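Single-structure report; data block below.
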Amino acid sequence: MTVQDQTTTHGVLLTDVAAAKVKSLLEQEGRDDLRLRIGVQPGGCSGLIYQLYFDERTLDGDLVRDYDGVEVVVDRMSAPYLDGATIDFADTIEKQGFTIDNPNAGNSCACGDSFS
């Protein structure tokens with residue numbers, strides 16, 4: 001990895017299962033101009049909440065990493081909170097949806113949507 005790569009990428013990992021789900025959702029939408037954006041913002045019962053959504057915008061300072069055709073975008077302010085986090089997709093009887101395993105989260109609430 002070059003120094004250039006280190007300044008433009010982030011440490012969020014996207015599993016193969018999650019990448020396949022993102023591709024499927026984008027195909028259903030008929031859009032190829034969207035990327036998966038993940039970030040954090042103040043809120044929730046533990047102090048910070050995750051944001052995970054499709055975005056067509058590219059903002060100044062965005063960090064981008066490609067996973068087999070799926071672009072994952074993280075803003076520079078969120079990157080330190082998400083470094084080493086893994087995004088997966090669960091499809092079981094108990095749970096369906098994207099999950100985030102974040103080694104930087106010291107505490108999290110029971111719902112799993114916020115952390116500190």
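Checked against the criterion of being open to solvent by less than 70 Å² (accessible area, probe 1.4 Å) and within 18 Å of Thr8 (Cα to Cα), region 84-104 contains one or more residues that satisfy it.
Of everything in region 69-80 that is out of contact with any Gly (no Cβ under 6 Å at 6 or more places or on another chain) and crowded, with 17+ Cβ neighbours inside 10 Å, the residue that is nearest to Pro103 (Cα to Cα) is Ala79. If only residues of region 69-104 that are hydrophobic (A, V, I, L, M, F, W, C) and outside any strand (DSSP E or B) are counted, the one that is farthest from Leu26 (Cα to Cα) is Met77. Does Arg31 satisfy the condition of being open to solvent by 30 Å² or more (accessible area, probe 1.4 Å), out of contact with any Lys or Arg (no Cβ under 7 Å at 6 or more places or on another chain) and in a loop (DSSP other than H, G, I, E, B)? Considered against the rule, which asks whether it is open to solvent by 30 Å² or more (accessible area, probe 1.4 Å), out of contact with any Lys or Arg (no Cβ under 7 Å at 6 or more places or on another chain) and in a loop (DSSP other than H, G, I, E, B), Arg31 comes out as yes. One residue stands out in region 34-68 among those that are out of contact with any Ser or Thr (no Cβ under 7 Å at 6 or more places or on another chain), charged (D, E, K, R) and part of a strand (DSSP E or B): the one that is surrounded by the fewest Cβ atoms within 10 Å (Cβ to Cβ), namely Asp66.
The values are calculated or read from the model by the stated rules, or taken from the named source; none is laboratory data. This structure is a prediction, so every number in the text was calculated from the model and none was measured. Please note: Cβ atoms are built from the backbone with ideal geometry, for glycine as well, and neighbour counts cover all protein chains shown. These accessible areas exclude ligands, DNA and RNA; they are computed on the full protein's heavy atoms, side chains included. Shrake-Rupley method; radii C 1.70, N 1.55, O 1.52, S 1.80 Å.
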